[in-house]
Every structure is written in structure tokens, then in C-alpha cells.
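J.: Starting off with a structure, shown below.
Just so it is clear, none of the values below were taken in a lab; they were calculated from the coordinates. Computed from a predicted model, the values in this text were never measured in an experiment. Every residue, glycine as well, gets a Cβ built from its backbone with ideal geometry; the counts of neighbours run over all protein chains shown.
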Amino acid sequence: MSKIQSKDNEEILQIPVLGSKNKDAFVVGIITKPKSTSTGSNNKKRLVISMHGMAGHKNYLYMPQLSDELSSNLGYYVFRFDFRGCGDSSDHEDPSLGRLISDDIMDLSSVVKYFVDGTYTPSKEDGDVNEEDAGKFIVSCLVAHSRGTLPMFDYALKTLREDGIVIPFIINCSGRFNGHKLLEYLKKRVPEVAEQGGYKGQGYIKGRYRNIWIPYQESLDLGRQVMTRVKNLDSHCKVLSVYGLKDEIIPLEDAAKYANALQERHQLEFIEGADHNYHGTISQGEPDFENEFNYPIHSRKKVIDYNPRVVEIISNWLGSTTKL
């Protein structure tokens, strides 16, 4: 495991993956605890689960800042984790196939069960159990970026179908609606991808970005996904979508398709000037560069970092919606 930095109100957890053919499969994540707790039905603690996209990790983009915001100002426990094959978690279910949506759902299901069943035993710095944080949780909200939105929506549909459980709030950040568009994009970028059985990419694993091989089966699995099924989410489930108007990965028509499928359950927010990862596209010092709202500047890219705006949108929506 890489050396993970965590704050005083955070705890690093390693959660076993249930149902895996690999008996030692696990995911690693960080739970951020509120200073004052807020409970839901049956006095259960309210939990937000935050997920990354392709080649991402638990401390990617807005995820750490969102954990701070929702725990500090809204009283949520927030758990952000690495899917298998990413970050500090164990390897893929089958490395020859890569990261499949079904494996991501298995990871998320294991995380939910860990908290909902009361397996989580919080600890103090001295190793004693912190009774205030002990007990069962209720999953109030799922948040995911890009590729992570697919297992997020599918898990919400699965738990509704099999257990009759409604996830009250779902937040879609730059999520893809039509998977075949990914294959079109990939084949333009790597024309020989099918013949060579995959392509070279980068992934954040064990504390740093590394060159990795992404099997074509992983891309085909994503290419089969069409999210018209989100229309089957329970009518009481509310969905927020956040997209950058300069997204170079996901066509903006995908945002409209989510809005059409979800109808009145859905709120769509755009961030002007932001790309797929909520970064600006104009470098500081260029003639057209403007930073009207004084957002931070990305240290390496020297463009505006709109991720704080993402956090603000989510916090405002979740805070106002939960009061209704």
C-alpha cells in the first residue's frame, strides 16, 4: 500500500470484496467523519459513497474536498475508495479482462454491505473503539465521476430491484450515457486497438501514475453500456448531474439524455469553461484567460481548477434537497 495521507477526522480502511474468486481481494478507502453526527431513519448514520472514474483514485479531482465539505457542513460520513486495479486496492478480478463494470459493482456492493451491516468498527488514535462513530449506516447518497457513474447507477437499480432499497440521492459527474461513443473515440485515437488486443494507458497505482495495459475486453464492456435503464430508478430518487461545457471526452448530448430519461427527478448543472475533469482549457497568461471568480490555478497545467465549483454545486444541492 502507498503512504496515504489522511486527516485527524479520517480513517483508512481495507474492505474485503465479497463474491470475488480471489479470496484476498480488497478495496482501500478513506472515511471522513463529521464533528457532529447526523442520523437518518432508525438512528442510523448517513453515509455518502464517492467513486472515481477511469485511471482515477480516491484522492482524485474534487473527492477529498467534497469529503471535507459534506462532513463538516452537512454532517455526513463520507467514504471514498479505489476500485480494484486502481490506487491502493488489489488487482482486477481477471487482469486479462481488465476492469469490468460487473467487478466495479461487486466492489461497491461490498463497501455498502460493510457499512450497512455494522462491520465497520471505528477507532481512536489510541486504538480504542470510538463509540460515537460505531453502529450501522444508511447510504444516503452515491457520487461518481465519469466511468464510475456506470456501476453507481447499476448498483442503485440492483438494490432497488433485489432488495427494494431506494438510494435517495445520486450525483453524476461527467458521466457517459452511450457507451458506443467511447469505442468510436478510442478507435479514432488508437485505430489498431482491436487487432493488438488493447492499448497502453496510464493509471494511478500504489502511490504514483504508471504505464498500464488496458485490455480491449475492458473497452468492449464499456462500449456495451447504454444508460436508458436509469429511467427505472425509483421516483423518490433524486439525481444531480454536473458537466463541464468544454468536456472533450463525453458529448454534451449525453447530459441531455440523462435529463430526458430522468425527467423531473433530475437537475442538470453546467460549468462554463470546464473540461471533463473540471479544469479550464485556457492557460494562465494567454490572451483569452479570465478568472472572474478567482478559482485556484492548477499547479501543473496552469489552468483554472473548477473542482471547488463542483463541490459547491453538490453541497448546495444536497443541503437544499435534504431539507425538502
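J.: Which of the peptides 137-145, 193-201, 70-78, 298-306 is most tightly packed, and how do the rest follow, going by the mean number of other Cβ atoms within 10 Å of each residue? Intermediate results must be reported in sequence, preceding the final value.
T.: Numbers: 137-145: 24.4, 193-201: 13.3, 70-78: 20.8, 298-306: 17.1.
Descending packing order for the listed peptides: 137-145, 70-78, 298-306, 193-201.
J.: Right, next: Once amide H atoms are built 1.01 Å from N in the peptide plane, which residues 5 or more positions from Arg46, or in another chain, come under 5 Å H to H?
T.: Residues meeting the amide H criterion: Ser38, Gly40, Tyr77, Ile138.
J.: Given the convex hull of the Cα atoms of region 91-216, what is a quarter of its surface area in nm²?
T.: Averaged projected hull area, Cα only: 10.5 nm².
J.: Add +1 for every Lys or Arg and -1 for every Asp or Glu among the other residues with Cβ under 10 Å from the Cβ of Ile214, and state the total.
T.: +1
J.: Could you tell me how far the Cα centroid of region 258-297 sits from the Cα centroid of region 160-190, in Å?
T.: 20 Å
J.: Whose amide H sits under 5 Å from the amide H of Phe83, counting only residues 5 or more places off or on another chain, with H placed in the peptide plane?
T.: Residues meeting the amide H criterion: His52.
J.: From the cross-link list Lys158/Lys238; Lys181/Lys231; Lys238/Lys301; Lys23/Lys206; Lys246/Lys301, which pairs have alpha carbons spaced over 24 Å apart?
T.: Lys238/Lys301
J.: Given that compact globular proteins tend to follow 2.2 N^0.38 Å, what is the ratio of the alpha-carbon Rg of the chain to that value? Provide the component values of the computation, followed by the final result.
T.: Values: Rg = 19.2 Å, N = 324, 2.2 N^0.38 = 19.8 Å.
Ratio of Cα Rg to 2.2 N^0.38 Å: 0.97.
J.: Sticking with this one: Would you order Met63, Met54 from fewest to most other beta-carbon atoms within 10 Å of each residue's own beta-carbon?
T.: Ranked by crowding around the Cβ, least crowded first: Met54, Met63.
J.: Please give the length that would be gained between Ser299 and Gln217 if that part of the chain were fully extended, namely 0.36 nm times their separation in residues minus their C-alpha to C-alpha distance (nm, one decimal).
T.: The span from Ser299 to Gln217 would gain 26.0 nm if fully extended.
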